[in-house]
Amino acid sequence: MAAKTDANCIFCKIIAGQIPSLKLYDSEKTYAFLDIGPISEGHALVIPKHHGAKLHDIPDEHLTELLPVAKKIAIATGAEQYNILQNNGRMAHQMVDHVHFHVIPKPDEKQGLG
Ligand code: 5GP
Ligand code: ZN
């Protein structure tokens with residue numbers, strides 16, 4: 001199935017290059033970039049190129065790369081500890097209605113950043 005897009009969606013605009021982003025990964029079905037308001041250094045977002053607000057809105061074929069890419073990014077940060085988060089709905093703290101996985105590295109306490 002071809003990717004569905006929404007002209008009013010901020011993340012669809014990022015995928016289309018209409019809004020700039022710091023790109024980390026880009027393939028046929030998946031895009032990853034740095035979060036504009038990072039919780040920690042290296043906080044990234046991994047999104048399907050198919051528009052949908054919640055996880056259950058996205059066809060399986062557009063979901064398959066999301067966790068492997070989140071894993072690659074987590075490894076690339078070098079963080080031993082990190083969160084992978086995915087929120088669905090306002091009650092669950094979702095602000096942007098295009099599915100995204102957060103990759104949030106936890107600072108290394110040995111470097112005195114924790
Ligand atoms: P949510 O609360 O929906 O799970 O998280 C949305 C995330 O998207 C937030 O961490 C926020 O900082 C990020 N975000 C919102 N707008 C933009 C944007 O225009 N560019 C980037 N890079 N991140 C954004
Ligand atoms: Zn979208």
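The values are calculated or read from the model by the stated rules, or taken from the named source; none is laboratory data. Quantities reported herein were computed from a predicted structural model and do not represent experimental measurements. Note that each Cβ is placed from the backbone with ideal geometry, even for glycine, and that neighbours are counted across all protein chains shown.
Things worth noting here:
- Whichever residue in region 1-41 is basic (Lys, Arg) and under 18 Å from residue 102 (Cα atoms) and, among such residues, is farthest from ligand 1 (Cβ to nearest atom): 29
- Test: residue in region 6-22 that is in contact with a helix residue (DSSP H, G or I) (Cβ under 6 Å, 6 or more places away or on another chain) and touching a residue at least 60 places away in the same chain (Cβ under 8 Å): yes
- Any chance residue 27 is in contact with an Asp or Glu (Cβ under 9 Å, 6 or more places away or on another chain) and farther than 23 Å from residue 92 by Cβ: yes
- Residues that are of a type in the set (Gly, Ala, Ser), surrounded by 14 or more Cβ atoms within 10 Å (Cβ to Cβ) and farther than 18 Å from residue 52 by Cβ, drawn from region 68-87: 74, 76, 79
- Count - residues of region 1-24 that are more than 10 Å from ligand 2 (Cβ to nearest atom) and either β-branched (Val, Ile, Thr) or surrounded by fewer than 16 Cβ atoms within 10 Å (Cβ to Cβ) (or both): 8
- Pair list, Cβ < 8 Å and 6+ apart or interchain, from region 58-82 residues that are farther than 17 Å from residue 33 by Cα and in a loop (DSSP other than H, G, I, E, B) to residues that are at pLDDT 95 or above and among the β-branched types (Val, Ile, Thr): 58/99
- Where residue 42 falls short, out of the listed (1) on the phi < 0 side of the Ramachandran plot; (2) more than 16 Å from ligand 2 (Cβ to nearest atom): (1)
- All conditions but one from (1) in contact with a strand residue (DSSP E or B) (Cβ under 7 Å, 6 or more places away or on another chain); (2) hydroxyl-bearing (Ser, Thr, Tyr); (3) surrounded by fewer than 16 Cβ atoms within 10 Å (Cβ to Cβ) apply to residue 27; the one that does not is (1).
- Criterion violated by residue 90 - all others in (1) under 25 Å from residue 7 (Cβ atoms); (2) surrounded by fewer than 16 Cβ atoms within 10 Å (Cβ to Cβ); (3) within 13 Å of the chain's Cα centre (by Cα) satisfied: (3)
- Positions within region 30-40 being touching a residue at least 24 places away in the same chain (Cβ under 8 Å) and crowded, with 16+ Cβ neighbours inside 10 Å, in sequence order: 30, 32, 35, 40
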